[in-house]
Amino acid sequence: MQSIKDAAAEFLADKRIAVTGVSRTPKTHGSNNVYRRLRERGYQVFAVNPNTGKVEGDPSYPDLASIPGGVQAVVIGTRPEIAEDTMRECAELGIKHVWMHRGPGAGSVSDAATSYGRAHGITVIDGGCPLMFGPTADAGHKIMRLVYARKVPKHV
């Protein structure tokens, strides 16, 4: 098993990242926060939302396969019942790094998606948020990492 710190560093070393669940109404959506922060920190980030062609002023794609040139990593920010389908698409596309977002609520974590991804050679971070680590972190997310320590895996 890999420590969360090492897995997060590996994930954030990828520079082409898709974020699923980015919303047209961004105020209450963690996916939008992740999307914006990655974009601000110089990542090539791609929004995935099958219900619209544009979010945050950028193109949105209906699925991972539609992203021109593909991606190296995916943040799953949708409901848990959608996560397994996304994980299957990641496996089909050869994506090796997936982070299922979880903040204070239930988040996007799905045990079935985690099991499927790991069985198919994907490094799956099943909880927490990419904004809690490395070059994307801020003070607020570092504090949340401590406060919500039970929702951030120690190893993946």
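The values are calculated or read from the model by the stated rules, or taken from the named source; none is laboratory data. A quick note: this is a predicted structure, and the numbers were derived from the prediction, not measured. Virtual Cβ from ideal backbone geometry, glycine too; neighbours counted across all protein chains shown. The protein model used for the area step is the full one, side chains on, heavy atoms only, and it has no ligands, DNA or RNA in it. Shrake-Rupley method; radii C 1.70, N 1.55, O 1.52, S 1.80 Å.
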task = Could you list all residues from region 62-76 that are buried (at least 16 other Cβ atoms within 10 Å of the Cβ) and under 15 Å from TYR43 (Cβ atoms)?
result = ILE67, VAL71, GLN72, ALA73, VAL74, VAL75
message = Anything in region 1-37 that is touching a residue at least 12 places away in the same chain (Cβ under 8 Å), surrounded by fewer than 23 Cβ atoms within 10 Å (Cβ to Cβ) and of a type in the set (A, V, I, L, M)? List them, or say none.
response = MET1, ILE4, ALA7, ALA9, LEU12
query = Could you count how many residues in region 88-111 are more than 21 Å from LYS154 (Cβ to Cβ) and not basic (Lys, Arg)?
reply = 7
request  = Determine which member of the set ARG102, ARG118, ARG88 is charged (D, E, K, R), closer than 19 Å to ARG36 by Cα and open to solvent by 40 Å² or more (accessible area, probe 1.4 Å).
outcome  = ARG102
request  = Return yes or no: is GLY121 in a loop (DSSP other than H, G, I, E, B), free of Cβ contacts under 8 Å to residues at least 12 places away in the same chain and not β-branched (Val, Ile, Thr)?
outcome  = no
Of the criteria (1) free of Cβ contacts under 8 Å to residues at least 24 places away in the same chain; (2) more than 21 Å from ARG79 (Cα to Cα); (3) open to solvent by 40 Å² or more (accessible area, probe 1.4 Å), which one ASP111 fails = (2)
request  = Kindly state which strands (runs of 3 or more DSSP E) lie completely within region 10-105 and contain at least 3 residues that are in contact with a helix residue (DSSP H, G or I) (Cβ under 8 Å, 6 or more places away or on another chain).
outcome  = 16-20, 44-48, 73-76, 97-100
